[in-house]
Amino acid sequence: MNETIQTLLNHQSIRKYRHEPIPETHLSLILSAAQRASTSSNMQAYSVVRVTDAVLREQFATLSGNQRYVAECSEFLVWCADLYKLELACQIHGDTTVPTTMEHLLVATIDVALAAQNAAVAAESLGYGIVYIGGIRNDPFTAATLLALPPKTFPVFGMCIGFPAQDAAAPARPRLPLTGFVHTNQYGPAQVGQSIETYDEMIKQYMITRTGGAQTKTWSEDVEAKMKANARRHMKALLHQQGFEITE
């Protein structure tokens, strides 16, 4: 096994950080690695906002659900889907009526996710810990305002990066068996169902060990609760506010 694969397999979300700055040379490497991620047709339909202001950090920590590590980590990055830069490119050639299609929105969202994951792996390869902050979508309207985001952009998630101050040797949360997501030639519903049954027992035992028996919830129970929750249904309104008028 090589070091790259070992880094990927060792991934854990880190939520406690030491108060130490990341050298600018390392941050530059992390962001450069992000830029080398695959991007649809070289569109590079994403941007990242580095939040260094302490007051802004506190505001993001609060709107993300009072996640203190947003304010305490060495670096907090907000990853944004960005079609604004593409419109600017079109305007250079006199085109001011570029339509926004669902494909454009998907491209931007996929592009930013790929870039961020490259950054995450690069950071972990340098010994840092990371955690994604989807909680900024709890109040994306305020997030967009705080970052002065232009039209045709929206915040997809944040990312904390820093020096871990927690036990990284703790057991990693298990994932679904390979049969739960790998299919050959055609999708196999039966194998997925069997994988979920196996995984439920894995997660139950993991939670019992992790919490000393305080929690025994299975994966499917957790999924059911989250799927039924009225979570972030404001995202359609946010996209409308940011000028994403999908034409087709």
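Couple of notes before you dig in:
- For the stretch 178-217, the alpha carbon convex hull comes to 52 Å³ per residue, rounded to a whole number.
- Each principal axis of the Cα cloud of the stretch 1-131 was evaluated for its coordinate range; sorted largest first, these ranges are 50, 42, 27 Å.
- The stretch 5-27-the stretch 104-153 distance, computed between alpha-carbon centres (Å): 16 Å
- Q241-M1 FRET efficiency (beta carbon distance; Förster radius 45 Å; 0.05 resolution): 0.45
- Between the Cα long axis of helix 54-63 and the first principal axis of the chain there is an angle of about 60°, rounded to the nearest 10.
- Cα centre as origin, Lys/Arg/Asp/Glu Cβ charges: the chain dipole, Debye: 500 debye
- Sites K217 and E103 - FRET efficiency at Förster radius 51 Å, r taken between beta-carbons, to 0.05: 0.85
- Sorted on the mean count of surrounding Cβ atoms within 10 Å across their residues, most packed first, peptides 52-59, 131-138 read 131-138, 52-59.
Computed from the coordinates by the stated procedures, all read-outs in this text should not be read as laboratory data. What you see is a predicted model; the values in this text were computed from it and never measured. Counting neighbours? That spans all protein chains shown, and the Cβs are built from the backbone with ideal geometry, glycine included.
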